[in-house]
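Have a look at the structure below before the remarks.
The values are calculated or read from the model by the stated rules, or taken from the named source; none is laboratory data. Computed from a prediction, not measured in an experiment: that's the story for all the values here. Every residue, glycine as well, gets a Cβ built from its backbone with ideal geometry; the counts of neighbours run over all protein chains shown. Heads up: the accessible areas ignore ligands, DNA and RNA and are worked out on the full protein's heavy atoms, side chains in. Shrake-Rupley method; radii C 1.70, N 1.55, O 1.52, S 1.80 Å.
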Amino acid sequence: MISVDAALAKLFALVQPLPSEIVPLRQANGRVLAANVTALRDQPPFAASAMDGYAVKGATIGPGKTYKVIGEAAAGHRWTGTVGADQALRIFTGAPLPRGTDHVVIQENVARIGDDITLNDDANDTAYVRPAGADFKAGDTFKAPRLLRPSDIALLAAMNIPQVSVARRPNVAIIATGDELVQPGERPADDQIIASNSYGLAALVKDLGAEARLLPIARDTVPSLELAFDLAADADLIVTIGGASVGDHDLVGQVAQDKGMARSFYKVAMRPGKPLMAGKLGQAAMIGLPGNPVSAMVCGHVFLAPVIRKMLGQGAAPAPRQTAPLAAPITANGPREHYMRARLDADGVTVFGRQDSALLTVLADANCLALRPIHDPARNAGDLVEIIRL
């Protein structure tokens with residue numbers, strides 16, 4: 001067995017960042033920006049009013065000061081003249097300030113009679129002007145790599161960027177194996193269960209920004225597994241579930257090696273997830289996950305997610321971790337790293353008492369994994385533990 005860190009290092013060695021592609025901005029959300037973007041204009045592109053009011057020259061402001069209103073400007077409708085010292089321009093939010101002005105007096109601070117306005121006794125010491133380029137300037141750089149979210153899309157649009165270079169989505173082929181499995185919605189026999197792992201992992205893969213391809217369930221026979229691998233031959237990453245242990249019916253490793261897989265490692269000193277296998281099969285990296293539902297999903301977060309992030313150009317790093325205090329004591333850990341289902345709330349981290357790797361209800365109730373190092377001693381409430389958010 002190798003450590004989790006050693007397994008991650010070997011997995012990262014199996015994959016490289018994928019090539020980039022150009023997509024329209026409307027299709028870029030959730031993609032990883034692959035190349036820096038340069039703003040094509042200032043934002044705002046002009047000094048703009050931040051409030052509805054009257055544009056004047058700031059140096060002329062004083063209680064009781066009277067101005068003649070000589071025009072009006074609204075967003076998208078610039079007033080092109082010049083405003084004199086005793087003049088004002090009616091202005092609305094977002095409109096460009098006209099020449100001769102640098103201050104907006106809000107409409108609540110004036111009394112208007114006809115075309116004359118008189119300032120009240122308020123200080124009017126806030127200009128209510130958004131300077132040109134206050135948000136960003138032409139030539140400013142929006143840096144890659146970056147997982148693009150809606151706020152990023154809005155910013156890029158404001159920069160007048162119609163399309164961006166993003167990392168190609170990894171094609172991930174997911175192969176569930178086992179005679180005991182049937183698809184959701186089918187009628188299982190008395191000795192069969194529903195294939196849940198592949199659906200959970202496909203959802204995880206999609207959330208990470210990759211394309212998940214669910215292949216038909218491979219049965220516990222050499223021909224069925226060979227067909228599954230043939231169907232996955234064009235994938236960037238092949239993920240098998242189950243059949244990677246050492247039982248008489250665990251044929252995944254044998255068939256993969258017969259197909260030419262160069263195995264990188266087998267078995268990791270962790271729980272759940274010990275019977276983990278990885279290697280290179282043709283153009284694709286391959287990760288063989290254990291068949292227990294929780295084991296497969298935990299390994300998805302610990303191993304599969306970092307590998308996909310590297311393929312998307314986000315660097316080679318373990319799943320993000322943070323520390324939080326325990327809400328209740330926990331017992332000592334054994335000779336393998338333990339990734340324990342837990343829940344983080346205002347009271348701290350509560351590690352669930354039931355950690356059997358077949359209990360999906362416990363995983364569904366968890367919002368984090370509490371990490372226990374090898375031979376970690378018993379911990380008390382208030383002690384800090386590392387967690388991975390789910």
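Can you tell me how many residues within the range 164-200 are more than 32 Å from the chain's Cα centre (by Cα) and open to solvent by less than 10 Å² (accessible area, probe 1.4 Å)?
Number satisfying all stated conditions: 1.
From the list I70, I61, the lone residue that is farther than 30 Å from A167 by Cα, in contact with a His (Cβ under 7 Å, 6 or more places away or on another chain) and hydrophobic (A, V, I, L, M, F, W, C) is I61.
This table checks each residue for (1) of a type outside the set (A, V, I, L, M, F, W, C); (2) farther than 30 Å from A157 by Cα.
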position: S3; (1), (2): yes, yes
position: A9; (1), (2): no, yes
position: E21; (1), (2): yes, no
position: D42; (1), (2): yes, no
position: F46; (1), (2): no, no
position: D52; (1), (2): yes, no
position: A59; (1), (2): no, yes
position: T66; (1), (2): yes, yes
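Considering only residues that are touching a residue at least 40 places away in the same chain (Cβ under 8 Å) and polar (S, T, N, Q), look in the range 1-51 and name the one that is nearest to A88 (Cα to Cα). Here the residue is S49.
Which of the residues spanning the range 204-230 are of a type in the set (A, V, I, L, M, F, W, C) and either within 22 Å of G315 (Cα to Cα) or open to solvent by 70 Å² or more (accessible area, probe 1.4 Å) (or both)?
Once the filter is applied, which keeps residues that are of a type in the set (A, V, I, L, M, F, W, C) and either within 22 Å of G315 (Cα to Cα) or open to solvent by 70 Å² or more (accessible area, probe 1.4 Å) (or both), the range 204-230 yields L204, V205, L208, A210, A212, L214, L227.
Pairs linking a residue in the range 162-178 that is within 13 Å of A285 (Cβ to Cβ) to a residue that is at pLDDT below 95 and open to solvent by 10 Å² or more (accessible area, probe 1.4 Å), with Cβ atoms under 6 Å and 6 or more positions apart or on different chains, do not occur. Summed over the range 23-44, residues that are under 10 Å from R146 (Cα atoms) and surrounded by fewer than 19 Cβ atoms within 10 Å (Cβ to Cβ) total 3.
Going by what's in this entry, would A319 be described as modelled with pLDDT of 95 or more, surrounded by fewer than 21 Cβ atoms within 10 Å (Cβ to Cβ) and within 18 Å of G200 (Cα to Cα)? It would help to see each step written out before you state the result.
On the way: modelled with pLDDT of 95 or more: yes; surrounded by fewer than 21 Cβ atoms within 10 Å (Cβ to Cβ): yes; within 18 Å of G200 (Cα to Cα): yes.
Taking the combined requirement at face value, the residue satisfies it.
Quick grid of which residues meet (1) open to solvent by 40 Å² or more (accessible area, probe 1.4 Å); (2) in a loop (DSSP other than H, G, I, E, B); (3) closer than 30 Å to A262 by Cβ:
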| position | (1), (2), (3) |
| --- | --- |
| A7 | no, no, yes |
| K10 | yes, no, yes |
| A13 | yes, no, yes |
| A59 | yes, no, no |
| I70 | yes, no, no |
| A73 | no, no, no |
| T80 | yes, yes, no |
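Within the range 364-379, residues that are over 14 Å from A319 (Cα atoms) have Cβ atoms under 6 Å from residues that are open to solvent by 70 Å² or more (accessible area, probe 1.4 Å) and outside any loop (DSSP other than H, G, I, E, B) in these pairs: A366/R343; N367/R343, counting only partners at least 6 apart in sequence or on another chain.
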